[in-house]
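The values are calculated or read from the model by the stated rules, or taken from the named source; none is laboratory data. Source: prediction; values computed, not measured. Reconstructed Cβ throughout: ideal geometry from the backbone, glycine too, with neighbour counts over all protein chains shown.
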Amino acid sequence: MSHHIVELKGLSHVYPDGTNALDDITLRITHGESVAIVGANGAGKSTLLLHLNGYLWPTSGSVRIGDYPLTKETLREARRTVGMIFQDPDDQLFMPTIFDDVAFGPFNLGLPRDEVETRVQEALVRMDIAHLRDKPPFKLSAGEKRRAAIATVLSMAPDILVLDEPTTGLDPLGRRQIISILKDFTHTRIIATHDLDLVLDLCSRTIVLHRGTVRADGRTLDIFRDDALLAECHLEQPLSMQGCPICAGKMKHGG
Amino acid sequence: MHMADALISPAVGGTMWAVSAAGIAYCSKKVKEELDERKVPLMGVLGAFVFAAQMINFTIPATGSSGHLGGGMLLAILLGPHAAFLVISSVLVVQALFFADGGLLALGCNIFNLGFFPAFIAYPLIYRKIVRGNVSQGRLALGATLAAIVGLQLGAFGVVLETLASGITELPFSTFVAFMQPIHLAIGIVEGIVTTVVVSFVWKANPQMLEGSPVKAPTGGFPVKTVAAGLLIAAVITGGVVSWYASGNPDGLEWSMAKVSGKEELESTYGIHSMLASLQEKLAFLPDYSFKGTAEASEEAEGDQSARLGTSVSGIVGGAMVLILAFVLGLALKRFATDASSRA
Amino acid sequence: MAEIARSFHDLNYIDTLSCMDSPVHRIDPRAKLATFLIFAVCVVSFGKYEVSALLPYFFFPAVIIPLARIPARYFAGKIVFLLPFAVLIGIFNPLYDRETLLSIAGLPVSGGMISFVSILIRFILTILAALMLVAVTGFTGVCMALERFGVPKTFTTQLMMLYRYIFVLTSEGMRMARARDLRSVGRKGSGLKVYGSLIGYLLIRTWNRAQRIHMAMLSRGYRGDFFLRRPLRITSADIAFGLGWSAVFITLRFINLPRIAGQLIMGVLS
């Protein structure tokens, strides 16, 4: 079961232009956890995520996925283990039909055609888009595209799901659907997002990044109650935790 | 500059298909050998970019016309000749299939005229020779403009030769050349200017993009304003040429730029296009089939003679009959198909 | 911009047509591609003064369009839209070729007139061939047929990637152009300088998108291969479709059906 551990030790990343994007990040995420990574724009969220499937390599420090350190040799296995869902589904859906897109990963794993078929069908049903199987991606709504993007990764049977802003650009219904689907997953989930209400719904643990360092790491509720911390990191309490301003005003007057 | 199926003979179309197919095979092999798998998505989206860029126009100073990017030279600069040839070819395939620009058989000609000349002649022999090692804005402008002009001149000449070799048109060589080359000079100048402006922008904003190409970061060069002024002058001159043509031969210009020239055209904002567009829309509301245009060929048939032609009286009578039959058959099949589907 | 926006309406529309289901749509893309190519070759292979022998080729669209349940009106509209270009291509023939070749109702008809009409008919038939092919086959279908016919995978992959992102990038381009037009009152904003940075910016965004797509491909185990496996199976119906139509086209190439029919009618009348 140690399989599903993500461990970063002293991870730093400096971009070629000299930007110090990540500075000495150390954290450990264990099997079945659902962890949010929050922080203002430019805090280093995306850079961090790109280290988890070896698209970026640490300038110093190390990344461990499951039992192995992430190296060129273990890269393929790590990419299967870590399912990465990018921010813009249009970047993830590059094939002519949804079927082709969802089958892309399994084919690259070298699975036989029957097995690919089964995996694709399972992933599509799981995301509730089996009816869109033969549709080209540009005919889908934003919410459908998002679900299809998740299906492309599910078909590879990953142990860890990494999602970058899974709810941007969705209408309230589409957002709600994504949240309820993600809630049912038993995978280890790492979600980078600005949508703190989603964090409240999905993640028991929150890591706050600030200027490339881990500013806080703890229970989501504790972190969201720390007003000073949130203000320092350019964040705001989720709406559902803020008292209703209208009622609150009345209370003040009444009491 | 797109060649049309209607003007070519099978011999010319077939030859050019073979030539272009060989080009595609060769370039595919080359691109594969480069083993740069990043190029796969890059080529794809750059092809799509050409379509997107062609939707955005700019006003050519001192003319009422607007221009837009053709893209051939830009692709060659960004991707190198082999990948650029494949991208240009793919753009032409989509244009042929969806917009009937050219047609299935003329595709070979079009790929050769619009892909081979810019990617394998103008880019390596002109652009790269001028923009060598030490690059400046001036060299870039000169190289891109000259390369675009030469590429389009050769392409236009290709159109002339292929058309005449097919023998369907009666246009004499000299007239055709005198008509095509100057127009493509104007188009080439505009294309060169646009390419220069876009490449310069990219240079400043994101120099890594040009890393793969022989163009490295600019070494000094002169300020943008000077270049912009120079380009403006070139644009005004171009505009002069264009409007001179436009006043002399409005329809000819419109036609030659907009269709014969394919996508490198300067298109007038108003005029024949919008008129046709509205006509087409109106027609789309007409309740029935329309093969009207061809039925005219059957004008009251009388008179006599001439068996050496396919078109004799019996030919006309029979032709009319065949057309009517085809039309009726189409209608009947349509009814049949609708019935079948409503029953199902 | 309006004209090109129309083009994309067309693209989208034809794509929608190609997703429909009909007996014609179900035929193997290879059989269709080959048939349409033979059609086009036969049409353009006639001499320049041929008119009547071209007309029977209208049977092909007259059968395919209703059977495929695609709207004839759309194609008619397309032809009307494009026809003036054919007129301008062919208009030189009557001007340069004035030799009278026959007379109808006492009116002399020059060779140029005849070849002009011939050009128009070729034009219509070949436009129909191109548009119908993709409307009943779909772009992906055409690509797969090309691949099976030996077109290198690098190129068919390129075609499919291009097609996939046309829709994404054109809407991006349109949004940017609209933003420019909204902010530039009058014509000022459509000048070359703004244009250059607009296109340049679009290009950079496109470039970044390519990088993100590449990331997405890598994270799903991409190693330079595209798997697009559709079980394409040629059935006897597909072969019959291809061979049948090809036989018709080639026969019509050598037998002038309208003239024979006309001679029969004239014979009966006299």
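Of B:T59, B:T15, all but one fail to be of a type in the set (S, T, N, Q), more than 7 Å from every other protein chain (Cβ to nearest Cβ) and more than 16 Å from the chain's Cα centre (by Cα); the exception is B:T15. Listed by first and then second residue, the pairs with beta-carbon distance under 7 Å, at least 6 apart or on different chains, first residue in the stretch B:40-52 and more than 7 Å from every other protein chain (Cβ to nearest Cβ), second crowded, with 24+ Cβ neighbours inside 10 Å, are B:V50/B:G71; B:V50/B:V91. Residue count for the stretch C:96-110 satisfying the condition of being of a type in the set (A, V, I, L, M, F, W, C) and at pLDDT 80 or above: 1. State whether one or more residues within the stretch C:108-119 are touching a Ser or Thr at 6+ places or on another chain (Cβ under 9 Å), closer than 30 Å to C:D21 by Cα and surrounded by 17 or more Cβ atoms within 10 Å (Cβ to Cβ). No, the stretch C:108-119 contains no residue that is touching a Ser or Thr at 6+ places or on another chain (Cβ under 9 Å), closer than 30 Å to C:D21 by Cα and surrounded by 17 or more Cβ atoms within 10 Å (Cβ to Cβ). Looking across the stretch A:93-115, the residues that are within 27 Å of A:T168 (Cβ to Cβ) and either of a type in the set (D, E, K, R) or not in a helix (DSSP H, G or I) (or both) come down to A:L93, A:F94, A:M95, A:P96, A:T97, A:D100, A:D101.
For every residue, the table says whether it meets (1) over 24 Å from B:L69 (Cβ atoms); (2) modelled with pLDDT under 80; (3) not in a loop (DSSP other than H, G, I, E, B).
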site	(1), (2), (3)
B:I168	yes, no, no
B:S174	yes, no, yes
B:Q181	no, no, yes
B:H184	no, no, yes
B:I187	no, no, yes
B:V190	no, no, yes
B:I193	no, no, yes
B:V198	no, no, yes
B:S213	no, yes, no
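From the list C:V87, C:V117, the lone residue that is touching a residue at least 24 places away in the same chain (Cβ under 8 Å) and at the interface with another protein chain (Cβ under 7 Å from one of its Cβ atoms) is C:V117. The condition (being surrounded by fewer than 20 Cβ atoms within 10 Å (Cβ to Cβ) and either of a type in the set (F, W, Y) or assigned to a helix (DSSP H, G or I) (or both)) is satisfied by just one residue among C:L243, C:L203: C:L243. Is one or more of the residues making up the stretch B:83-93 free of Cβ contacts under 8 Å to residues at least 60 places away in the same chain, touching a Cys at 6+ places or on another chain (Cβ under 8 Å) and buried (at least 24 other Cβ atoms within 10 Å of the Cβ)? Within the stretch B:83-93 (the criterion being free of Cβ contacts under 8 Å to residues at least 60 places away in the same chain, touching a Cys at 6+ places or on another chain (Cβ under 8 Å) and buried (at least 24 other Cβ atoms within 10 Å of the Cβ)), the answer is yes, since at least one residue qualifies.
Taking the stretch C:143-163 as the range and being in a helix (DSSP H, G or I) and more than 7 Å from chain B (Cβ to nearest Cβ) as the test, the residues that pass are C:C143, C:M144, C:A145, C:L146, C:E147, C:R148, C:K153, C:T156, C:M160.
Quick grid of which residues meet (1) crowded, with 19+ Cβ neighbours inside 10 Å; (2) more than 8 Å from chain B (Cβ to nearest Cβ):
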| residue | (1), (2) |
| --- | --- |
| C:D21 | no, yes |
| C:H25 | yes, yes |
| C:K48 | yes, no |
| C:L55 | yes, no |
| C:F60 | yes, yes |
| C:I65 | yes, no |
| C:L101 | yes, no |
| C:R122 | yes, no |
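Note on the stretch C:28-40: residues that are surrounded by fewer than 21 Cβ atoms within 10 Å (Cβ to Cβ) and facing another protein chain (nearest Cβ under 9 Å) total 1. Within the stretch C:72-84, the residues that satisfy the criterion of being over 23 Å from C:C42 (Cβ atoms) and free of Cβ contacts under 8 Å to residues at least 12 places away in the same chain are C:R73, C:G77, C:V80, C:F81, C:P84.
Considering the stretch B:1-23, the residues that are surrounded by 23 or more Cβ atoms within 10 Å (Cβ to Cβ) and either polar (S, T, N, Q) or at pLDDT 90 or above (or both) include one that is farthest from C:L125 (Cα to Cα), namely B:M16. Selection over the stretch C:224-238 of residues that are farther than 30 Å from A:L111 by Cβ and surrounded by 13 or more Cβ atoms within 10 Å (Cβ to Cβ) gives a count of 1. Within the stretch A:78-92, identify whether any single residue is within 14 Å of chain C (Cβ to nearest Cβ), within 21 Å of the chain's Cα centre (by Cα), in a helix (DSSP H, G or I) and without any contact (Cβ under 8 Å) to a residue 24 or more places away in the chain, and answer yes or no. Within the stretch A:78-92, one or more residues are within 14 Å of chain C (Cβ to nearest Cβ), within 21 Å of the chain's Cα centre (by Cα), in a helix (DSSP H, G or I) and without any contact (Cβ under 8 Å) to a residue 24 or more places away in the chain.
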